[in-house]
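Student: Please find one structure pasted underneath; my questions will follow.
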Amino acid sequence: MKMSTLLRPVAGACAALLVSATGQVSHADETEWSGFVEQVTHYRKDSGLAKFRTLGQLEGLKFIGNVGPFSNVSINGVLRASYDGVFKLNDDEYGSKAGGAAFVNSLGLANIGAPTVVPVNGPGILSGGLNVGYEEVLNILGPTVEAITGIPSGVLSDPVTGVLANNTFARNGSYDLLNPNVGMVALGDHLRNHGGGVSFGVPVRPCDVDSRGCIDDYLDFDEDELASPEIYSDRMDWLRELYVDAALQLSGDNEINFRLGKQQVIWGRTDLFRVLDVINPVDYSRNNIYDELEDIRIPMWMLKTDFRFGPTGKFDDLNFQVVWNFDQFRPHNLGQCGSPYVILDAGCFFRGMKNLWDNGGTVANFAPFNPADPSLGLLAVNFGPQAIGIRDADLPSWSLSNTQLGFKLEGVLGDLGWSVNALTYRSQLPSLRAGHVPAVNAFTGEPARTYDHLIAFDIAFPRVNLLGGSIDYYSQGLDTVFRVETAYTQGEEFANTIEPELYSESDVFRFVLGADKNVFIRSINQNRAFLLSGQLFGQHLMDHETQQATLGKIGMPDWETNFIATFLIKGWWKQDRLSPQIIMAHDFRAKATVIEPSIDWLITDNWQVQLKANVKFGDADQTFDDCRLCNPFGPFTTSIPPLPEHGVAGLQSGSAGLSGFEPLGRFRAGPIGMANKEDEIQLIVRYRF
């Protein structure tokens, strides 16, 4: 039984326990209610309406008082429900009518005078929708085949060349039934024309309309779940938070505070990009990285225990916290392909790769590269099922060993606040692991077995250990708050085209430096100071690995070291009811920038209107080794020798470093660069009660 099923009665049990204890309550109950209803509308220039969400949230606090040895007992709850009409109002982009026929590049066809843009999943020897003849195939690939195998390319009856032509590229007669070219887009089409890269068709309709590429229990939402994620969630997301607070008084100023239930536990002192704040997963499908973390963290069932020691020795305050996340593991929601917000476009890559594994399909520019003439080769290839792609996602089931445990020691010394943090948890980001997945040889059709450097994956979520800390310091002389936050992790996994499994572990060091200062700009506002806030985020992969191969770099596409800077300026007018602000973020290595100006108007104590623009600069034109020349099916996928240590050319797997944007360039472009075609105007109207 899933842990989420076991937790369903926890809410009622907590309430029943406290109700049964009301006879011991020392004074009368107090109940407070608040909430809001809001309408959020996002509009994009190229695709129209991107969000039309109506959301209601109800927050309740029931103060009970003293119950037995416990004091300050209360029950806190948050209910949330929403409906996003974009899947009906703009169903050509995001709903049941999204997508159409997908087309990919087959650049090598220029050598026989054929069109180089072809539809996916159609009949044909090499490329979808084009009946390339047997002799044309050998004319294009013959020199490479002959160089590798020693068999003259003109010997049409030879079993090796016969397999190459007849089995590899012609095993697609049933594609129109298994994988029709409808409701699809080509991977990366919304960003640019990936003429020199690897792409393939991706289904984009909700999973109840089109189940292709939907991974069981991971990014497999139907239209109802996309439109109303809280109501139709199997994890009770409509019950956003429900926890019990209680205190147990010890001697002197010492006490223990307990919080048990579904909650957010916030570590760290920064926002936008997380360093220590990693306990709760995040729902990036709401608005990429741009919504407040308070709104997009996914609450989990946890026990948080704070041992409060008060003034101790030299410290003005000293506390020790233990967090036990006993909920069933839950990853980040990266956004399902076909929905408006798919961070890093990762959901589209996953869905397209899952579709390739289940149903086969056409991969652009995949056929062997001819070293004698770079214009030869680079042909779109039709793969059959279970040859390449994503087989499954290994979501950890509930067990005591799969729960997550954290410790924090924090204190205050004058104007200095500090913390030391340790956490063992499951990575909320997916890792693609290859090398262990039995796959069909796309060129011989022999029984499935494992191959090195083959892009056939399972998705995993590895165990990660984190050690970090934070400091904030208020400088009275500068009237400025300075923040420092660091984290060192072990166990994270990254794509790596050097390794036979196409991934490797790396320790990671992350940090953020920040400062907040109130500054008067008298020429703009004589009566109210502006808030200026700046942050610099850094990430360094300690075990980063790249090598120079024949055609380019291979290894880890993630930057070895990267920095992202953010800056906020916020002002207030009209008794703080009118508040304009500008938020900016710049990714240095990706050369991508986002600017979000907004104006917030609190019309009355109940009505609030916020108008925003979200504009990106730079582009996602980042390339890296795409494993076209990784040669998993040697000698049929070999065109040029890989690195010398990889052995005999034609037989040993290993990448030669041919690069493109898809699929690994996304890690270099980052979340800002990958969303550079998603400029938006946003309007939020909220009524508080």
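The values are calculated or read from the model by the stated rules, or taken from the named source; none is laboratory data. Just so it is clear, the model here is predicted, and its values are computed rather than measured. Glycine also receives a Cβ, built like all others from the backbone with ideal geometry; neighbour counts cover every protein chain displayed.
Student: Which one of 298, 390 is buried (at least 18 other Cβ atoms within 10 Å of the Cβ), under 28 Å from residue 80 (Cα atoms) and of a type in the set (Val, Ile, Thr)?
Tutor: None of the other options fit; the residue is 298.
Residues checked against (1) assigned by TED's automatic domain parsing to the domain that holds residue 272; (2) within 24 Å of the chain's Cα centre (by Cα); (3) surrounded by 18 or more Cβ atoms within 10 Å (Cβ to Cβ); (4) not aromatic (Phe, Trp, Tyr):
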{"site": "590", "(1), (2), (3), (4)": "no, yes, yes, yes"}
{"site": "597", "(1), (2), (3), (4)": "no, no, no, yes"}
{"site": "601", "(1), (2), (3), (4)": "no, no, no, no"}
{"site": "606", "(1), (2), (3), (4)": "no, no, no, yes"}
{"site": "611", "(1), (2), (3), (4)": "no, no, no, yes"}
{"site": "615", "(1), (2), (3), (4)": "no, yes, no, yes"}
{"site": "635", "(1), (2), (3), (4)": "no, no, yes, yes"}
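Student: Here is a follow-up. Filtering the range 501-525 down to residues that are of a type in the set (Phe, Trp, Tyr) and in a strand (DSSP E or B), which residue is surrounded by the most Cβ atoms within 10 Å (Cβ to Cβ)?
Tutor: Of everything passing the filter in the range 501-525, 503 is surrounded by the most Cβ atoms within 10 Å (Cβ to Cβ).
Student: I'm checking my understanding of the structure. Among residues of the range 261-295 that are among the aromatic types (Phe, Trp, Tyr) and more than 20 Å from residue 486 (Cβ to Cβ), which one is surrounded by the fewest Cβ atoms within 10 Å (Cβ to Cβ)?
Tutor: Ranking the candidates gives 290 first.
Student: So, one more: Where residues in the range 105-122 are in a loop (DSSP other than H, G, I, E, B) and either crowded, with 21+ Cβ neighbours inside 10 Å or touching a strand residue (DSSP E or B) at 6+ places or on another chain (Cβ under 9 Å) (or both), which of them is modelled with the highest pLDDT?
Tutor: 120
Student: Need pairs with beta-carbon distance below 6 Å; first residue among the basic types (Lys, Arg) and within the range 42-63, second surrounded by 16 or more Cβ atoms within 10 Å (Cβ to Cβ) and assigned to a strand (DSSP E or B); sequence gap 6+ or separate chains.
Tutor: 44/50; 44/680; 51/40; 51/42; 53/40; 53/82; 53/84; 62/75
Student: Only one of (1) surrounded by fewer than 17 Cβ atoms within 10 Å (Cβ to Cβ); (2) modelled with pLDDT of 90 or more; (3) among the charged types (D, E, K, R); (4) assigned to a helix (DSSP H, G or I) is not met by residue 208, so which one is it?
Tutor: (4)
Student: Is the range 46-65 home to any residue that is buried (at least 16 other Cβ atoms within 10 Å of the Cβ), touching a Pro at 6+ places or on another chain (Cβ under 9 Å), assigned to a helix (DSSP H, G or I) and at pLDDT 75 or above?
Tutor: no
Student: Can you pull out the residues in the range 436-454 that are among the hydroxyl-bearing types (Ser, Thr, Tyr) and at pLDDT below 90?
Tutor: The answer is 444, and nothing else.
Student: OK, next. Restrict the check to the range 244-260 and report whether at least one residue is farther than 24 Å from residue 78 by Cβ and surrounded by 19 or more Cβ atoms within 10 Å (Cβ to Cβ).
Tutor: No, the range 244-260 contains no residue that is farther than 24 Å from residue 78 by Cβ and surrounded by 19 or more Cβ atoms within 10 Å (Cβ to Cβ).
Student: Can you pull out every residue in the range 581-633 that is assigned to a loop (DSSP other than H, G, I, E, B) and either on the phi > 0 side of the Ramachandran plot or in contact with a His (Cβ under 9 Å, 6 or more places away or on another chain) (or both)?
Tutor: Once the filter is applied, which keeps residues that are assigned to a loop (DSSP other than H, G, I, E, B) and either on the phi > 0 side of the Ramachandran plot or in contact with a His (Cβ under 9 Å, 6 or more places away or on another chain) (or both), the range 581-633 yields 591, 618, 627, 630, 631, 632.
Student: Oh, and also: Being at pLDDT 95 or above and within 30 Å of residue 570 (Cα to Cα) is true for just one of 510, 463. Which residue is that?
Tutor: 510 is the lone residue from the list that is at pLDDT 95 or above and within 30 Å of residue 570 (Cα to Cα).
Student: Can you name the residue in the range 70-104 that is more than 18 Å from residue 52 (Cα to Cα) and part of a loop (DSSP other than H, G, I, E, B) and is also nearest to the chain's Cα centre (by Cα) among such residues?
Tutor: Across the range 70-104, the extreme among qualifying residues is 99.
Student: Within the range 477-484, is there a residue that is crowded, with 18+ Cβ neighbours inside 10 Å and touching a residue at least 40 places away in the same chain (Cβ under 8 Å)?
Tutor: Yes; the residues of the range 477-484 include at least one that is crowded, with 18+ Cβ neighbours inside 10 Å and touching a residue at least 40 places away in the same chain (Cβ under 8 Å).
Student: For the range 524-563, give me each residue that is farther than 25 Å from residue 660 by Cβ and touching a residue at least 60 places away in the same chain (Cβ under 8 Å).
Tutor: Matches in the range 524-563: 535, 537.
Student: For the range 569-596, give me each residue that is more than 12 Å from residue 529 (Cα to Cα) and of a type in the set (D, E, K, R).
Tutor: Of everything in the range 569-596, those that are more than 12 Å from residue 529 (Cα to Cα) and of a type in the set (D, E, K, R) turn out to be 574, 577, 587, 589, 591, 596.
Student: Could we say that residue 568 is outside any loop (DSSP other than H, G, I, E, B), surrounded by fewer than 17 Cβ atoms within 10 Å (Cβ to Cβ) and either out of contact with any helix residue (DSSP H, G or I) (no Cβ under 6 Å at 6 or more places or on another chain) or touching a residue at least 40 places away in the same chain (Cβ under 8 Å) (or both) here?
Tutor: no
Student: Residue 231: in contact (Cβ under 8 Å) with a residue 40 or more places away in the chain and not assigned by TED's automatic domain parsing to the domain that holds residue 296, yes or no?
Tutor: yes
Student: Output the residues belonging to the range 408-432 that are outside any loop (DSSP other than H, G, I, E, B) and surrounded by fewer than 18 Cβ atoms within 10 Å (Cβ to Cβ).
Tutor: 409, 412, 413, 416, 418, 420, 422, 424
Student: I've got another one for you. Just the residues that are at pLDDT below 95 and within 28 Å of the chain's Cα centre (by Cα), please, taken from the range 396-414.
Tutor: Scanning the range 396-414 gives 396, 397, 398, 399, 400, 401, 402.
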